[in-house]
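Nothing in this text is a laboratory measurement; each read-out follows from the coordinates by a stated rule. The shown structure was predicted, so the numbers you read here are calculated from the model rather than taken from an experiment. Reconstructed Cβ throughout: ideal geometry from the backbone, glycine too, with neighbour counts over all protein chains shown.
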Amino acid sequence: MIIAAAGWLAFGGAGNVPGLPAVANTPVADSSSAAFSICGDGRHVNCVVDGDTFWFQGEKIRIADIDTPELSPPRCEAERIKGEAAKARLLALLNAGNFSLTAGWRDEDKYGRKLRTVIRSGHSLGDTLVNEGLARRWDGARHGWCG
């Protein structure tokens, strides 16, 4: 029954329930923003750790839909170079305007980071990094970047 109801809602069935369409079909407003910097020693409030991890309002966020090259430590020079480029691009994307954070099936990863997709104007910032060759779609496993 739950599966049937979820399917009904997912395929527009909510349009027949008074009051529900406004809630079910309203996109989340891009109301979050901050002045981000690169994380360093000390307090982490609004800063970028690497291409798929950042701190926002004192909370560590792991971008749920992508994986980027490791920087701590990189396994080869090519991974370091691409990882630094992904980090710089994420910094620029986060500073480019308002965004929203959406949760998926899991709230946190095993390291206590919040798992979120970063959205601007209905599009994932992770997709931007993937399209620019700086990230891969997250498939549940880490894959090497060294060749």
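Once amide H atoms are built 1.01 Å from N in the peptide plane, which residues 5 or more positions from ALA64, or in another chain, come under 5 Å H to H?
Hits under the 5 Å cutoff: ARG116, THR117, VAL118.
Which of rounded, prolate or oblate describes the range 83-131 when judged by the alpha-carbon gyration tensor and an a/c cut-off of 1.5?
On the way: a/c = 2.01, a/b = 1.33, b/c = 1.51.
Oblate.
What are the chymotrypsin sites (Phe, Trp or Tyr not before Pro) within the range 90-145 that DSSP puts in a loop, where the Cβ has at most 11 other Cβ atoms within 10 Å? Walk me through the numbers on the way to the answer.
On the way: sites: PHE99, TRP105, TYR111, TRP138, TRP145; in loops: TYR111, TRP138, TRP145.
Taking the range 90-145 and a limit of 11 other Cβ atoms within 10 Å, the loop chymotrypsin sites (Phe, Trp or Tyr not before Pro) found are TYR111.
According to the square roots a ≥ b ≥ c of the eigenvalues of the Cα gyration tensor, what is the shape class of the range 37-147, taking rounded for a/c under 1.5, prolate for a/b larger than b/c otherwise, and oblate for the remainder? Mind dumping the intermediate values first?
Values: a/c = 1.33, a/b = 1.21, b/c = 1.10.
Rounded shape, in that the Cα axes give a/c under 1.5.
Pairs of Cα atoms under 8 Å, at least six residues apart: use those to get the relative contact order of the range 53-102, whole percent.
21 percent
Enumerate the calculated ³J(HN,Hα) couplings along the range 61-73 in order (Karplus 6.51 cos²θ - 1.76 cosθ + 1.60, θ = phi - 60°), each rounded to whole Hz, writing x wherever the residue is Gly or Pro.
Each residue of the range 61-73 in turn: 10, 10, 5, 6, 9, 9, 9, 10, x, 6, 10, 9, x Hz.
For the range 58-119, what class follows from the C-alpha gyration tensor (a ≥ b ≥ c being the square roots of its eigenvalues): rounded when a/c is under 1.5, otherwise prolate if a/b is larger than b/c, else oblate? Please report the intermediate quantities before stating the final value.
On the way: a/c = 2.47, a/b = 1.36, b/c = 1.82.
The shape class here is oblate.
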